[in-house]
1. What distance in nm separates the simple spin-label points at residue 4 and residue 135, each placed 7 Å from Cα in the Cβ direction?
2. Which FRET efficiency, nearest 0.05, do residue 123 and residue 180 yield, Cβ-Cβ r, R0 30 Å?
3. Could you give the angle, 0 to 90 degrees to the nearest 10, between helix 122-131's Cα long axis and the longest principal axis of the Cα atoms of the chain?
4. Out of all DSSP beta bridges in the chain, what portion is antiparallel? Express it as a percent rounded to 5.
5. In degrees between 0 and 90, to the nearest 10, how far off the longest principal axis of the chain does helix 145-158 point, with axes built from Cα atoms?
6. What number, in percent, do you get for the relative contact order of region 73-190 if the mean sequence gap of Cα pairs under 8 Å and at least 6 apart is divided by its residue count?
7. Extension gain residue 86-residue 62, at 0.36 nm per residue separation less the Cα-Cα distance, in nm?
8. Measure nothing but the geometry: give the 0 to 90° angle between the long axis through the Cα atoms of 21-33 and the longest principal axis through the Cα atoms of the chain, rounded to 10°.
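Read-outs throughout are calculated quantities, based only on the coordinates presented, and are distinct from any laboratory measurement. Please read all numbers here as calculations on a predicted model, not as lab measurements. Positions of Cβ are backbone-derived with ideal geometry, glycine not excepted, and every protein chain shown enters the neighbour counts.
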């Protein structure tokens, strides 16, 4: 139906997470109508993505240099480390403007398929905790079976280091109704309650 090069680009977009075939068709059609100068700039950025973006040498977040902007920020509390699964989690937590410490990006969970080129950074986390003066580790893995298993696994290694280890509270979303919440969410809400 489409020219081969057009279809090939659709197939590439359709392979991306959360992009189905119809959305991929719309994106390619949009790009085809795009101004050539902007399209050239867009393609150059994609072409150099792997060359220009690397993992932070300390926390394994995404970075253009050796250290990411968060690890370079001297105003951050270096004694507080928040452990997350991937860089998107860092972005989400940073949007809250409440995380004042540093991060450690694992690169996944222990039970999920892992990128062979980038194995989980658990050994690096433990080495970092032994080397640096850390007062608290916040384990912020997702509340999935894999995330919970990873949190328990990490807590077992952190406990002998005598570092306070906490887990993000779980509960009801703002604006949510109790009657529509699932049992696990309600249970997490009760366990994660705080004094008013």
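1. Here the modelled spin labels are 6.4 nm apart.
2. Computed FRET efficiency for residue 123 and residue 180 comes out at 0.10.
3. Once rounded, the angle reads 50 degrees.
4. 15
5. 50
6. Relative CO of region 73-190 lands at 24 percent.
7. 7.7 nm
8. The answer is roughly 60 degrees.
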